[in-house]
Amino acid sequence: MSVLTIEGVWKNFDGHHVLRGIDLEVHSHEVVCLIGASGSGKSTLLRCVNLLETVDDGAVYLEGQEITDPRADVDDVRKRIGTVFQAYNLFPHMSVLDNITLAPRQVHGIGRREAEEQARGLLGRFGLADKAEAYPDRLSGGQQQRVAIIRALATQPRLMLLDEVTSALDPALVREVLGVIRELKDTGMTMILTTHEMGFCRDIADTVCFLDDGVLVEKGTPEKIFTDPGHPRTRDFLSTVL
Ligand code: ADP
Ligand code: MG
């Protein structure tokens, strides 16, 4: 089943075409990894999916419903999409538990007791059971980012968008965050992620998409893209990062 369909999406900023006719279909349980040079449009594409940007042309469908339709309910769409960005933006004045339970309680109307029970379950699953009462500034960057991922998970999204979630971390902390993403994949979460960690991308992706200057140049299995890319631009890019 298709969770997300992106059809002919164009986006420009100040007359510069940042996305040029992107087509992409993401199936249930699929992990799609977007790769490409800085500025190639990866973040903009994710922002078009969670409606932080409007598209100039084309359409995005979430579970068959056109979410780029101006009449679509933005809040409802965001309830179904979990997003984690590079800079873990936890609320500093709230405990880990309150950070995680905020959206389930306020957006989804779940009671405090149930939300906290669920949050503690997630914290336990990701090795952070003892951090429930801690404030973000007492956690390492890796722990903060794991909490940010748990917070996005707590609303039980149909799709997770992860944009460079390890880029702001010390190398020593990257692995624990990648471990969480691996665990998400193992539970069948449908995800689109961007990363500079090519080894991880190769390991976790079902489908790799190479973006070049707003064009989805090539898409395929990690084996195909990393060992036998079909397009010279893909080969050039990979030769700079591998
Ligand atoms: P990536 O995530 O692949 O590094 P981005 O999607 O962030 O690429 O950016 C693609 C291009 O769009 C870049 O040239 C960037 O400068 C431009 N861009 C992104 N967001 C904006 C914005 N809000 N206003 C103007 N230009 C933007
Ligand atoms: Mg980006």
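The values are calculated or read from the model by the stated rules, or taken from the named source; none is laboratory data. Predicted model only: the values in this text are computed from it and were never measured. Virtual Cβ from ideal backbone geometry, glycine too; neighbours counted across all protein chains shown.
Side notes on the structure shown:
- Among the conditions (1) touching an Asp or Glu at 6+ places or on another chain (Cβ under 8 Å); (2) crowded, with 20+ Cβ neighbours inside 10 Å; (3) under 22 Å from LEU52 (Cα atoms), the only one that LEU159 does not satisfy is (1).
- Members of region 201-218 that are outside any loop (DSSP other than H, G, I, E, B), crowded, with 19+ Cβ neighbours inside 10 Å and more than 15 Å from ligand 1 (Cβ to nearest atom): ILE204, THR207, GLU218
- Among residues of region 178-200, those that are in a helix (DSSP H, G or I) and more than 14 Å from the chain's Cα centre (by Cα), counted: 6
- Only one entry of LEU52, LEU19 meets the criterion of being within 25 Å of ALA103 (Cβ to Cβ), within 13 Å of ligand 1 (Cβ to nearest atom), over 13 Å from the mean Cα position of the chain (by Cα) and not charged (D, E, K, R), and that entry is LEU52.
- Filtering region 92-115 for residues that are touching a residue at least 24 places away in the same chain (Cβ under 8 Å), within 19 Å of the chain's Cα centre (by Cα), under 19 Å from LEU193 (Cβ atoms) and in a helix (DSSP H, G or I) leaves an empty set.
- Filtered residue count, region 152-176, keeping only those that are more than 16 Å from ligand 1 (Cβ to nearest atom) and under 13 Å from the mean Cα position of the chain (by Cα): 6
- Failed item, numbered, when THR234 is tested on (1) touching a helix residue (DSSP H, G or I) at 6+ places or on another chain (Cβ under 7 Å); (2) closer than 14 Å to GLU30 by Cα: (2)
- Selection of region 35-72 for residues being within 16 Å of ligand 2 (Cβ to nearest atom) and in a loop (DSSP other than H, G, I, E, B) yields GLY36, ALA37, SER38, GLY39, SER40, GLY41, ASN50, LEU52, GLU53.
- The listed residues are ILE150, ILE225, and the only one of them that is closer than 21 Å to VAL96 by Cα, of a type outside the set (Lys, Arg) and in contact with a Phe, Trp or Tyr (Cβ under 9 Å, 6 or more places away or on another chain) turns out to be ILE150.
- Residues that are of a type in the set (D, E, K, R), under 17 Å from LEU51 (Cα atoms) and surrounded by fewer than 16 Cβ atoms within 10 Å (Cβ to Cβ) within region 1-24 comprise just one, ASP23.
- Remark: ALA119 falls outside the filter, which requires a residue to be assigned to a helix (DSSP H, G or I) and within 22 Å of THR44 (Cα to Cα).
- One residue alone among ALA59, ALA72 is modelled with pLDDT of 95 or more, under 13 Å from LEU4 (Cβ atoms) and not polar (S, T, N, Q), and that residue is ALA59.
- Within region 40-64, considering residues that are in contact (Cβ under 8 Å) with a residue 60 or more places away in the chain and small (Gly, Ala, Ser), the one surrounded by the fewest Cβ atoms within 10 Å (Cβ to Cβ): GLY64
- Selected residue (criterion: nearest to LYS42 (Cα to Cα)) from residues of region 177-197 that are within 16 Å of ligand 1 (Cβ to nearest atom) and modelled with pLDDT of 95 or more: THR194
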